[in-house]
1. Report, for the chain, the % of DSSP beta bridges that are antiparallel, rounded to 5.
2. Summing +1 for each Lys or Arg and -1 for each Asp or Glu, what net charge is found among the other residues whose Cβ lies under 15 Å from the Cβ of Pro375?
3. Using r as the Cβ-Cβ distance of Met73 and Lys185, and R0 as 45 Å, what FRET efficiency do you calculate, to the nearest 0.05?
4. Between Lys265 and Leu288, with labels modelled 7 Å along Cα→Cβ, what's the label distance in nm to one decimal, could you check?
5. When the chain is fully extended, how far beyond the present Cα-Cα distance does Thr118 get from Asp342, taking 0.36 nm per residue of separation?
6. Per 10 Å bin from zero, what fraction in whole % of the C-alpha pairs of region 1-149 is there, up to the bin with the longest pair?
7. Taking the Cβ of each residue in His146, His139 as the centre, tally the other Cβ atoms inside 10 Å and list the residues starting with the fewest.
8. Might you report the magnitude of the Cβ-based charge dipole of the chain about its Cα centre, with Lys and Arg at +1 and Asp and Glu at -1, to the nearest 20 debye?
Amino acid sequence: MEQKFDVIIIGGGAIGICSAYYLSKNGLSVAVIEKNEIGKESSCSFGNAGLISPSHFVPLAAPGMVAKGLKWMFNPESPFYIHPRMDGELLKWLWRYFRACNEKQMRRGIPVLRDLTTESLRLFKEINSDENISYGFEHRGLLMLHNTIAGEKANRHEAHLAEEVGVETRLLNNDELNNLEPNVKILSRGGLYFPNDAHLIPDQFVNAMAELAKKNGVGFFAQTEALGFEKNGNRITSIVTSNGKIGGKEFILASGSWAPMLMKKLSLNISVQPGKGYSVTVQQPVHLPKIPFILTEARVAITPMGGTLRFGGTLELSPINLTINERRVKAILNAVPAYLDDMRLDAVNTKEAWAGLRPCSPDGLPFIGRFQAVPNLIAATGHAMLGITLAPITGKLISEIVSNENNIVDISQLKPDRF
Ligand SMILES: Cc1cc2nc3c(=O)[nH]c(=O)nc-3n(C[C@H](O)[C@H](O)[C@H](O)COP(=O)(O)OP(=O)(O)OC[C@H]3O[C@@H](n4cnc5c(N)ncnc54)[C@H](O)[C@@H]3O)c2cc1C
């Protein structure tokens, strides 16, 4: 007999799991369908940089990004790359991105990201005090280091924008940086300090939240791929999976970069492109900072995780695959010595790098809300560089949408069918 749930979540990454947590806390019966295993390498939520970033209030689509992207395109070691291919969806996405890279659109997005990131940090703290879990959460801020005049100019501009919208930040010189983070010798001429940022160990977070959801009665269907849907009129009645049909009242699309493929089965579009990134984790680093860094010019994130140090970066708009471009992984590591002294990374085995696919929207805002054409299907994807940061607030918003409650943050700009 077909199993039935109040809510079925497609995708067991950070977004799907946090949605399961909040929905089950509301007393609903919930199932999570995951084509692989929960909390494992193939999901983008596994090996990322683990930053919880109220500092990232400026959308990815911002003025100047197109020119920068074009310059980077021709450098095989640059932090951004588009795999050249004739793909109609990619071309449409790029056109939408190009149109979103303007001052007006960026300024419309900033308060949305500020509110989402701030509220999500509050929810992380609430989870920490309500639940007995540990996942390496540290609230120590973030340092965005710059080495060049252009980098300093970019960080000064960021500081002005931050001040305008009430995000706390401070520009520091080299001495101030080294006083704040004495565990490593910082070479950079200066940096921007965001005291409110935090960080965590992402796979531990996803697994800990999945355990909580399980305790709340959530059913987990691992190694189960969602293949299609059954409908009655414009509403979905059940999901067809590789292991049979499962019935439900509401369906949450939390399948990250894979979301567009499944939406085709419903003749729906969701403008998500995979943005591949890499990370390398050094087990016993010579120096272990307490505060995470972003290397401004190189776009590299460095995060202390327990006794290890993770280096992450690169955004490649490529087809869906997890193959590793070692040259780009090496470029991530090669960028480090110009910012931090005595970080011996020559011996790091780049073959052991991890790759993940960020689900990127063209305007840098996530997709959260009901599809007009299929009202019992709710999008929870498109979080790009912010999927860990925004996982709790997304889960909370999804539970509010399902229960027809007012949303704690305005989501009118996040409609899934806005393109
Ligand atoms: C190098 C790198 C560094 C990053 N650093 C940060 C950071 O510091 N802070 C931050 O906030 N974010 C960061 N991110 C982004 C973050 O990792 C993503 O935004 C986030 O993991 C997306 O979560 P998700 O749940 O939407 O997708 P995923 O984690 O990819 O989960 C989607 C899941 O859906 C499953 N699935 C897909 N299709 C189906 C189907 N048909 N049936 C069943 N299951 C399906 C997949 O197997 C997958 O497990 C980083 C990303 C990268 C690559």
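No lab work stands behind these numbers, since they all come straight from the coordinates. Please read these numbers as outputs of a predicted model, since none were measured by experiment. Virtual Cβ from ideal backbone geometry, glycine too; neighbours counted across all protein chains shown.
1. 70
2. Result for the neighbourhood of Pro375: +3.
3. 0.85
4. Distance between the two pseudo-spin positions: 4.5 nm.
5. Numbers: separation 224, 0.36 × 224 = 80.64 nm, distance 3.48 nm.
Answer, rounded to one decimal: 77.2 nm.
6. Pairs per bin, as whole percents: 8, 23, 35, 25, 9, 1, 0.
7. Ranking His146, His139 by Cβ neighbours within 10 Å, fewest first, gives His139, His146.
8. 1020
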